[in-house]
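The values are calculated or read from the model by the stated rules, or taken from the named source; none is laboratory data. Everything quoted here is computed from the prediction, not taken from an experiment. Glycine also receives a Cβ, built like all others from the backbone with ideal geometry; neighbour counts cover every protein chain displayed. Areas reflect the complete protein model, heavy atoms only, side chains present, ligands, DNA and RNA absent. Shrake-Rupley method; radii C 1.70, N 1.55, O 1.52, S 1.80 Å.
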Amino acid sequence: MILPAQTKFKRARANCRALLFCVVTGVLAATAPLPAQAGHGNQHRQERAEGGARQHDRSDAGGAARAAATAESRYGGTVLKVDRQGDGYSVRILLPDGTVKNVTVEAGD
C-alpha cells in the first residue's frame, strides 16, 4: 500500500513521540526514590543501630543508643551497626573520610 508523503510523516512523528514518552518515563522511574527510602537518612541509621540491640534484648536498647551516641561524639561520622559484646558494645562507624572503623564502647561510658 502506498501512502501519501504527508501520512507517512504523521505516522513517523507519532512513533517518535511514543518512543520519547517511553524513554522519559523510564528515566523518571529509574531515578525516583523508592517510597520506603525517601527521606529517612540518618534517622534510619539510628533506628538500625538501636534495632540491633533491641532484637537481642529489649531491655538493653537504651544502652546501645548511648554507645552509638558515645562513639559518634568521639570519632565523628555515622554509626552503621551496634552489637552487644560482653560488658560493652562493638560499634561500627563510617568516618567522614570514607573509612569504616570498629570501636568498642564500655557499658559505663
Of (1) modelled with pLDDT of 90 or more; (2) more than 17 Å from the chain's Cα centre (by Cα), Arg92 fails just (2)
Criterion violated by Ser59 - all others in (1) hydroxyl-bearing (Ser, Thr, Tyr); (2) at pLDDT below 65; (3) open to solvent by less than 60 Å² (accessible area, probe 1.4 Å) satisfied | (3)
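Per-residue answers, yes or no, for (1) modelled with pLDDT under 85; (2) surrounded by 10 or more Cβ atoms within 10 Å (Cβ to Cβ):
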{"site": "Ala5", "(1), (2)": "yes, no"}
{"site": "Leu20", "(1), (2)": "yes, yes"}
{"site": "Gly26", "(1), (2)": "yes, yes"}
{"site": "Lys81", "(1), (2)": "no, yes"}
Name every residue in region 84-102 that is surrounded by fewer than 15 Cβ atoms within 10 Å (Cβ to Cβ) and in contact (Cβ under 8 Å) with a residue 24 or more places away in the chain, in order of residue number.
-> Lys101
